[in-house]
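To start, the structure itself, in structure tokens.
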Amino acid sequence: MNVKHTFVNFFLKTSSKQECHEVLTIWNSYYAALSEKHQESFVVRTLLFLNTTDFGSTEGFELTTEMKLVISSAFVQITFGLKKDVLNIFKTIFVTPTSYSYTGRAILYDGDVNTVTKRVNLSWPAVEKGFVITNDGLNIAIHEFSHCLIIENSNGSFLSKVFNNTDLNAWKELATQKLPLIREGNFTIFRDYAGTNLMELFATALETFFEQPHEFYSYAPTFYRTTAKVLKQDPRNGKNPK
Ligand SMILES: [Zn+2]
């Protein structure tokens, strides 16, 4: 734990930490695999994120602490190796009881990052499925938070960068080479949607990185290692990913 997290930890209630530990042990397989020391730090980061984020939900839909903890844990998981521990632009997470659409548009969403309202929208059934099925490379919460990190990284000043520039550029260069292959069906570790553009490739790659790290590594070791470098962690080492 760094100095900030040690300080935050001091003010957290033991009962909140215990509740967080119990919820994440059941819900988040990444958390469950961590060493005790890493779990302690993960809990602090999860509660810090939860306490500094505004959660909202559709009227009549009760968003429980358990749901908030599960959603927050997706953010902590991707940023566990990074300094970044809260979102600065996307301060609101809005949760719906079903898939949703925007007025005048036919498309149904399970999640999206809205740069106008500065909100992350998520449908709870999709979030739930993302965590219950741990190894299919689908996790909507990880997907949407990956978008948030790229956006906040590009908006941040030099000092508040989320990612190391050199590492992210190396990733982009490699990803740009893979994009046409994905579109042609000749790079199949990610689902087809990854071929949409670099932004979607990043989010989809992170879902695979966390849910199928061994498969990803065997299929494309250099791409895997480049992704691990950006995130400063390797989920293949379940106990000590960083
Ligand atoms: Zn996306």
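Points worth noting:
- Surface share of carbon and sulfur [accessible, 1.4 angstrom probe, percent] for the range 145-242: 51
- Alpha-carbon centroid distance for the pair the range 13-34 / the range 111-174, whole angstrom: 22
- Protein-only accessible surface at a 1.4 angstrom probe places the residues Arg183, Arg225 in the order Arg183, Arg225, largest first.
- Prolate/oblate/rounded call for the range 115-158, Cα gyration tensor, a/c under 1.5 rounded: oblate
- For Gly56, the residues whose modelled amide H falls within less than 5 Å of its own, excluding neighbours fewer than 5 places apart on the same chain, are Ile93, Phe94, Val95.
- Comparing Gly60, Gly104, Gly185 in a Gaussian network model of the chain (Cα springs below 10 Å), the most mobile by mean-square fluctuation is Gly104.
- Low-density loop positions, GluC sites (Glu not before Pro), the range 118-204 - DSSP coil, at most 14 other Cβ in 10 Å: Glu184
- Per residue solvent-accessible surface (Å²) - the chain, probe of 1.4 Å: 49
- Overall form of the range 1-60 per C-alpha gyration tensor (a/c, 1.5; a/b vs b/c): oblate
- Span from the the range 65-95 Cα centroid across to the the range 184-205 one, whole angstrom: 23
- Placed amide H near Arg119: partners under 5 Å, 5+ positions off or other chain: Asn114
- Dividing the helix sum by the residues of the chain, where each DSSP H run of 4 or more adds -39500 (n - 2.57), gives a mean residue ellipticity at 222 nm of -17500 deg cm²/dmol.
- Pairwise FRET efficiency - Glu62 versus Thr222, Cβ, R0 = 51 Å, nearest 0.05: 0.65
- Taking 0.36 nm per residue of separation and subtracting the Cα-Cα distance, full extension of the segment from Lys83 to Thr117 would add 9.7 nm.
- Distance between the modelled labels on Asn186 and Leu159, one decimal in nanometres: 4.7 nm (7 Å Cα→Cβ projection).
- With contacts taken as Cα pairs under 8 Å and at least 6 residues apart, the range 14-231 reaches a relative contact order of 16 percent.
- Three-way shape label, the range 191-242, alpha-carbon gyration tensor, a/c 1.5: prolate
- Heavy-atom surface analysis with a 1.4 Å probe gives the range 46-116 a carbon and sulfur content of 50 percent of its accessible area.
- Dipole magnitude of the range 14-231 about its Cα centre (Cβ charges: Lys, Arg +1; Asp, Glu -1), debye to nearest 20: 680
- Rounded to 5, percent antiparallel among DSSP beta bridges of the chain: 35
The values are calculated or read from the model by the stated rules, or taken from the named source; none is laboratory data. None of these values were measured; they are calculated from a predicted model. Ideal geometry is used to build each Cβ from the backbone, glycine not excepted, and the neighbour counts take in all protein chains shown. Each accessible area value is taken on the protein alone, full model and side chains, heavy atoms only, with ligands, DNA and RNA left out. Shrake-Rupley method; radii C 1.70, N 1.55, O 1.52, S 1.80 Å.
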